[in-house]
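What follows is one structure encoded as structure tokens, with my remarks underneath.
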Amino acid sequence: MPTNFERMIRLAEEFFATKNDPEQLDVTPEVMQQLEQLHPATLSEEVEGDGPVVWVLLIPTSTAVMNTFLTGEIGERELLKKSVSLKIFDAVYLCSALVLPEFRQQGRAGRVAISAVKAIQKDHPVKQLFTWPFSTEGERLAEQISKQLSLPLLKRYHP
């Protein structure tokens, strides 16, 4: 029987197929280190039993970098690269949320994401959120997070 961690890795690979899309961020150990440098809340999880049941990935950045991402000028990899050198973040990219199937529809991803954004807000003047929805569930989650935090939500859509 695979552990929750193994199941989450498989779910991420199946859903996002990052290996086949150069625009998307592939969460390698190097990427995890860069995210941690941005803020400790960029990678957040909820653990139950033998591992994570929710993973949330956020990228704090600037409005200027956000706008180049939203227009399609840069992808997720470049977004992270440009954000690493910033000192002040006023926007947060709601990059991804993964939940194991038996833990879905319980509000877990929203709680983890809201807590993570609030942690970033303690250190930075976050004024807006943005997303690149891959599913209607992800888009709804981003909208709920935006509403709960009273922050505007901007969206990039797939071509």
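Quick one: what do you get for the range 115-159 if you divide its Cα Rg by 2.2 N^0.38 Å?
My calculation over the Cα atoms of the range 115-159 gives 1.19.
Residue by residue through the range 5-11, what is 3J(HN,Hα) from phi via Karplus (6.51 cos²θ - 1.76 cosθ + 1.60, θ = phi - 60°)? Round to whole Hz and write x for glycine and proline.
Running phi through 6.51 cos²θ - 1.76 cosθ + 1.60 with θ = phi - 60° gives 4, 4, 5, 5, 4, 5, 4 Hz.
Read phi for every residue in the range 79-96 and hand back ³J(HN,Hα) as whole Hz from Karplus 6.51 cos²θ - 1.76 cosθ + 1.60, θ = phi - 60°, with x for Gly and Pro.
These are the phi-based 3J(HN,Hα) values: 4, 5, 4, 6, 6, 4, 7, 7, 9, 10, 10, 10, 9, 10, 8, 7, 6, 7 Hz.
Between 0 and 90 degrees, rounded to the nearest ten: what's the tilt of helix 108-123 against the longest Cα principal axis of the chain?
So the inclination is approximately 40 degrees.
What whole number of Å gives the distance from the Cα centroid of the range 113-159 to the Cα centroid of the range 62-85?
15
Among 82, 155, 147, which comes first, second and so on when ranked by fewest other beta-carbon atoms within 10 Å?
147, 155, 82
Among the lysines, which fall within straight-line cross-link reach of residue 82, defined as a Cα-Cα distance under 27 Å, with same-chain neighbours fewer than 8 residues apart omitted?
Straight-distance partners of residue 82: 19, 118, 122, 127, 155.
Run the reach check for residue 81 against aspartates and glutamates, Cα to Cα strictly under 16 Å, same-chain hits fewer than 8 apart removed. What comes back?
Within reach: 23, 26, 30, 36, 73.
For residue 1 and residue 119, FRET efficiency with R0 = 25 Å and r from the beta-carbon atoms, rounded to 0.05?
0.15
Taking every DSSP beta bridge that has both residues in the range 4-155, what percent is antiparallel when rounded to the nearest 5?
Here the share of antiparallel DSSP bridges comes out near 65 percent.
Starting from the exponent 0.38 and prefactor 2.2 Å, build the expected Rg for the range 4-155 from its residue count and divide its actual Cα Rg by it.
Ratio of Cα Rg to 2.2 N^0.38 Å: 0.97.
Read-outs: derived from the displayed coordinates by stated rules, not from any lab. The shown structure was predicted, so the numbers you read here are calculated from the model rather than taken from an experiment. Counting neighbours? That spans all protein chains shown, and the Cβs are built from the backbone with ideal geometry, glycine included.
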